[in-house]
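Here is the structure we will look at.
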Amino acid sequence: MRKNILQAAAITVFVFGMMWVVSKITDLKLFNAFDPISQALSDFELTDYAFSNLRPDPLVDQRIVVVNIGTLNRAGIAQQISTISQYKPKAIGLDVYVGCEGGLRDSINCPALLDTLGNLLLSNAIQEAGNVVIVSELLQKKQTIMDGKYDLLDSVQYSDEIFKDYAYNAYANLVTDADYQDDVKLCRSYMPSYQIGDQTHYAFATQLAMLYDSTLTQKFLNRKKREELINYRGNIEIQDTRATLDKSKKTSTTNYPVYFYAVDVDQLARGEVLGELFTNSIVLLGYLGNYFGHPAWEDKYFTPLNKKVAGRANPDMFGVVVHANIIAMILSQDYVDELQEWQKYSIAIILCFFTVLLFIYIDEKYPRWFDAASVGIQILQLILLSLLIMEVYAWSSFKLDLTITLASTALVGPCYDVFKSMQNEINFRLTKRRRNALKQQKEENLA
Amino acid sequence: MRKIVIGFFVFLASFNGYSQDYAFKILAVKGTTQVKSGTSWQPIKTGLSLQPKDELKIEANSYVALVHKSGSPLQLKEQGTYKVADLASKVGPGNSVVSKYTDFILSSNTADARKNRMAATGSVTRGGEIKIFLPKGKSAVFLNPGVLISWDDSKPGPYVLVVKDLVDTELARYDVEGNSYVLNTQEAIFADVAIISVEVQQKSNPSVNSGPFAIKKLPTADEKRISGLLKEMGNTATSEDLLDKFIMAGFYEKNMLIIDANKNYLEVIKLAPDVPEFKEAYKDFLFRNKLN
């Protein structure tokens, strides 16, 4: 038994050694250019199945109202804020950058400056409302990038002073792989706050949640996680169903199309919304297309709610709805928890060790069945682990990241064979050498 | 004291019961939708609470999203009348895990087999889906302040007539049930507007629209000239008589005042809907002036 345990431990070490070697080879990315499957699946995670299809249906969050700004200019947005603030919402979030990109304050680079009346109206509306959060953007200085600190943000681009001085400023950056604003964006997580120098900056959603319920938000911040996974609840996806054909098809990009109150740009202007809806709510003003049903892609993200979990697909969620989901998560205390790094490795090592022990047992007792049994066990383990990951995420919002376990399970069979072959070869060579030595000694004795 | 405390809790309990005394709330609306609460039908507003006895009416190309008092959402896309009590019975606890897995696996298996690979076209759609009966270019001028704007009703209404100025500032927006509207250009909002842009949109789906049409008032010099000619017409110009209106339609057309002529033709048809000759004459008028 002791011999088998030592053997299993040795093979487990060998499996993880092989994993290390494979990871180093793949780090070189020699084959990536000719690897469309890896490229297509690079954004894929098993938990996406749980989000998009398998979890229990979430409930609507009735504390948040999202108002579409459509193509309104600043005067139009000012009118929206004035109308909404009459009904005393707890906070108004304006998911619109109202500044000059790059600080270029001339009429060519920043034509919005010409709209002096619109700017004054918006500034006045923000000032009078008193509880408006406007967006800023965290940026990197060129020198920081040149220094190789690629994920360090060191400066803030605020909205214009006539707006920012009368509002709460919070950054709207979300964690994606996008290189620029209109790039393809997949958002799974966000950073609740960011430290630049001595100043702590809050994310747009964090700041709005703070204005709504500072106790709950502080509890969330006390988790002290640099990056939080977003526990997406649902979308705002009101489709244009004018064609009969389209109505019969499930053309929505998510299975959870309307999970927040949504008001279209002209509905607010025409009074087609009850004012009481805004009272004590968080009201988010942002872009949901030129009108409800407009197939726009501006500020639209891929999220784990997307029915298509990998490969090419349509983006499913406007940025303002991503913020709404984060707020709903904070206020519902419905956070996503994850395994610690040491836990990931421990689970992988333990499972690998016992799998090897099982292989040794089968190899000794039923050697003729070993190949079939080992492959069968591996496949069964991979399926069960995948289901476990999805189920745990779907039912408890716990991200059971068993990537290392899955990798070790996939490698354990081949590694066992390789290890045994090497072991046999070494044994054979050592035995042969001993036999030769004995033979030589015998001959010497005879002589 | 005890009674007061009990009374207070009874009050709280009744208040709590009252606050939950709704079946659904309106989450989002698109298009033309109505609610019948009591005896009358009224337009639906976002945030409105619906009682179990209420009814909903959804017109074509419209949409309503509801949230049940339990927090579960429900979408209505199909045209028709719905009883709220019936809708409440559709809201369940949600599918079980097994049925979710089954649905997911079955839908994944059948998705490819049922695919129509020619569902998308390599083209775009641009305006003009609603044919508006207004001339373009130099003919897009009007003399009389009541400008009749009419359009083809093959796309179902109701419609929205959006009026803007030259720099795209919205001046007015009118909800229209039928397929015509008389725009009163003497309203104060048009006082300093030289060129008026009008666009007809389907209310339920603004992407179905006529595109913008610019119309402008007849220049002063031309107005004086036409006024002189109208004086020569005597009472015919101002008469409400059917034939006089028909004659004036010809007069306006002859003087390239197509918008005014169009209005007169339609008024004639409205006064004598059973006379096919007037309809034929109107068709010819539309054809001559490339309005159809």
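Summary of packing: across the peptides B:67-73, A:339-345, the per-residue average of other C-beta atoms within 10 Å ranks them, highest first, as B:67-73, A:339-345. Considering helices alone, the calculated mean residue ellipticity of the protein assembly as shown at 222 nm is -13000 deg cm²/dmol, with DSSP H runs of length four and up weighted by -39500 (n - 2.57) and normalised per residue. Each peptide in B:77-83, B:212-218, A:104-110, B:259-265 gets a packing score, the mean of other Cβ atoms within 10 Å over its residues, and the list from highest to lowest is B:259-265, B:212-218, B:77-83, A:104-110. When B:150, B:239 are arranged by Cβ crowding within 10 Å, least crowded first, meaning fewest neighbours, the order is B:239, B:150. Pairs on different chains or at least eight residues apart, Cα atoms closer than 23 Å: how many lysine pairs in the range B:218-292 fit? Lysine pairs satisfying the spacing and distance rule in the range B:218-292 number 24.
Place a point 7 Å from Cα of residue B:42 in the direction of its Cβ. Which residues in the range A:263-303 have their backbone N less than 15 Å from it? Taking a point 7 Å out along Cα→Cβ of residue B:42, the residues of the range A:263-303 whose backbone N falls under 15 Å are A:271-277.
Across the options A:114, A:400, A:361, the greatest Cα extent toward the positive end of the charge dipole of chain A (unit charges at beta carbon of Lys, Arg, Asp, Glu) belongs to A:361. Between A:237, A:425, A:161, the GNM of chain A built on Cα springs shorter than 10 angstrom shows A:425 fluctuating the most.
Peptides A:165-173, A:433-441 ranked from most to least packed give A:165-173, A:433-441, packing being the mean of other C-beta atoms within 10 angstrom over each peptide's residues. Around the amide H of residue A:186, modelled in the peptide plane, lie the amide H atoms of A:177, A:178, A:302, all under 5 Å away and 5 or more residues distant in sequence or on another chain.
Sequentially through the range A:166-176, phi angles give Karplus couplings (6.51, -1.76, 1.60; θ = phi - 60°) of 10, 9, 7, 9, 8, 7, 9, 4, 10, 7, 9 Hz, Gly and Pro residues having no value and appearing as x. The amide H of residue A:156, built 1.01 Å from its N in the peptide plane, has A:139 as neighbours under 5 Å, considering only residues 5 or more places off or on other chains.
Peptide A:254-262 has a mean of 5 when you count, residue by residue, the C-beta atoms of other protein chains within 10 Å of its C-beta. Within the straight-line cut-off of under 28 Å between alpha carbons, the lysines reachable from residue A:142 are A:29, A:164, A:185, A:225, A:300, sequence neighbours fewer than 8 places apart in one chain being disregarded.
Across A:16, A:370, A:398, mean-square fluctuation computed from a Gaussian network of chain A (C-alpha pairs under 10 Å connected) peaks at A:370. If you take all other residues with their beta carbon under 15 Å from the beta carbon of residue A:221, and give Lys and Arg +1 and Asp and Glu -1, the sum is +2. Other residues within the sphere of radius under 11 Å centred on the Cβ of residue A:175, judged by their own Cβ, net out at -1 (K and R +1, D and E -1).
When only the Cβ of Lys, Arg, Asp and Glu is charged (+1, +1, -1, -1), the dipole of the protein assembly as shown relative to its Cα centre reaches about 2540 debye.
Shown for A:204, B:24, A:419, A:354: other C-beta atoms within 10 Å of each C-beta, ranked fewest to most, produce the order A:354, A:419, B:24, A:204.
Largest GNM mean-square fluctuation across A:270, A:429, A:55, computed for chain A with C-alpha springs under 10 Å, falls on A:429.
Here the residues A:18, A:329, ranked from fewest to most Cβ neighbours within 10 Å of their Cβ, fall in the order A:18, A:329. Shielding by partners for peptide A:288-297, expressed as the average number of C-beta atoms from other protein chains within 10 Å of each residue's C-beta, is 3.
Based on C-alpha pairs under 8 angstrom that are at least 6 apart in sequence, chain A has a relative contact order of 24 percent. For a straight C-alpha distance cut-off of 30 angstrom, the lysines reachable from residue A:3 (same-chain residues fewer than eight places away being disregarded) are A:344, A:365, A:420, A:432, A:439.
DSSP finds beta bridges in the protein assembly as shown, and of those with both partners inside it, around 70 percent are antiparallel. Taking the Cα centre of the range B:150-292 as reference, the dipole from Cβ charges on Lys and Arg (+1) and Asp and Glu (-1) amounts to some 320 debye. Over all other residues within a Cβ to Cβ distance under 9 Å of residue A:280, the charged ones net out to +3, with Lys and Arg as +1 and Asp and Glu as -1. Ordering B:148, B:195, B:208 by Cα displacement along the dipole of the range B:148-211 toward the positive end leaves B:208 in first place; charges were set at the Cβ atoms of Lys, Arg (+1) and Asp, Glu (-1).
Read-outs throughout are calculated quantities, based only on the coordinates presented, and are distinct from any laboratory measurement. Bear in mind that the values here come from a model prediction, so they are computed numbers and not experimental data. Note that each Cβ is placed from the backbone with ideal geometry, even for glycine, and that neighbours are counted across all protein chains shown.
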